[in-house]
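S.K.: Questions regarding the structure given below will be posed in turn.
The values are calculated or read from the model by the stated rules, or taken from the named source; none is laboratory data. All of these numbers come straight from a predicted model, not from anything done at the bench. So basically every Cβ, Gly included, is an ideal-geometry build from the backbone, and we count neighbours across all protein chains shown.
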Amino acid sequence: MDNTTIKTIKIRCEDCNGEMTIDSEKNVIICPFCGSKRLIIDDKDVAIEKIRNNSIKDTNDVRREELKLQQQQFHFHKEQMKYERSREINHEFSEKFKKGKLQILLMIIAFFSFMSALQGFGHLRYGFKMDEFVSAAFCLCQFIFTMISLLIGYEILPQNKLMFALTTFSVFIFGFLAMLTGQ
């Protein structure tokens, strides 16, 4: 049944027995056949029809709400399944990362980039040289991106393979830039 409720009620005229169709919102009806007037507020036929119409409307409302709830539950279950699958994939990625050589390489890069940044910034106290400062800043950026890659790989930061790939790529870019400016 559609969203609209039944708006009309059919009853018999007490005078001529003609069928009258009335709007359920009105209180008085005039018979189109004999012209007699009838108050429909207290009429039992109208009351019964109104109750029936309201119960049909209420039943349909309940059914719509049940359907909406079922759709929401289905959507929630679907999203939950996607989330669980995503977690499984990310955990598998993390396990491979922890057993792989990339983790070791990133740890070595983190150590040397941190030491290079400290050394570069330490030289600044003897006099400011722009190329040393830029090189030290690139080393510091390399260290930061290396740590972010490691934290993603160890599932400490939220897993995102694209973010992991970008941060790891940035590690090598910043290392390259540090080498170029350090010479």
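S.K.: Taking the conditions exactly as written (in a helix (DSSP H, G or I), of a type outside the set (Val, Ile, Thr), surrounded by 12 or more Cβ atoms within 10 Å (Cβ to Cβ) and not assigned by TED's automatic domain parsing to the domain that holds residue 166), does residue 93 satisfy them or not?
M.R.: Considered against the rule, which asks whether it is in a helix (DSSP H, G or I), of a type outside the set (Val, Ile, Thr), surrounded by 12 or more Cβ atoms within 10 Å (Cβ to Cβ) and not assigned by TED's automatic domain parsing to the domain that holds residue 166, residue 93 comes out as yes.
S.K.: Can you pull out the residues in the range 152-183 that are more than 25 Å from the chain's Cα centre (by Cα), assigned to a helix (DSSP H, G or I) and surrounded by fewer than 22 Cβ atoms within 10 Å (Cβ to Cβ)?
M.R.: Those that are more than 25 Å from the chain's Cα centre (by Cα), assigned to a helix (DSSP H, G or I) and surrounded by fewer than 22 Cβ atoms within 10 Å (Cβ to Cβ): 168, 169, 170, 172, 173, 175, 176, 177, 179, 180, 181, 182.
S.K.: Oh, and also: Which of the following residues is surrounded by 12 or more Cβ atoms within 10 Å (Cβ to Cβ) and more than 20 Å from residue 171 (Cα to Cα): 124, 118?
M.R.: 124
S.K.: Could I ask something else about it? Starting from residues that are among the small types (Gly, Ala, Ser) and out of contact with any helix residue (DSSP H, G or I) (no Cβ under 8 Å at 6 or more places or on another chain), keep the ones in the range 96-136 and report whichever is nearest to residue 153 (Cα to Cα). Before the answer, list the steps.
M.R.: To start, the set of residues in the range 96-136 that are among the small types (Gly, Ala, Ser) comprises 100, 110, 113, 116-117, 120, 122, 127, 135-136.
Cutting the leftovers down to out of contact with any helix residue (DSSP H, G or I) (no Cβ under 8 Å at 6 or more places or on another chain) gives us 100, 122, 127.
Details: 100: 11, 122: 31, 127: 39 Å.
Result: 100.
S.K.: Can I ask one more? All but one of (1) under 30 Å from residue 157 (Cα atoms); (2) at pLDDT 80 or above hold for residue 17; which doesn't?
M.R.: So the condition that residue 17 fails would be (1).
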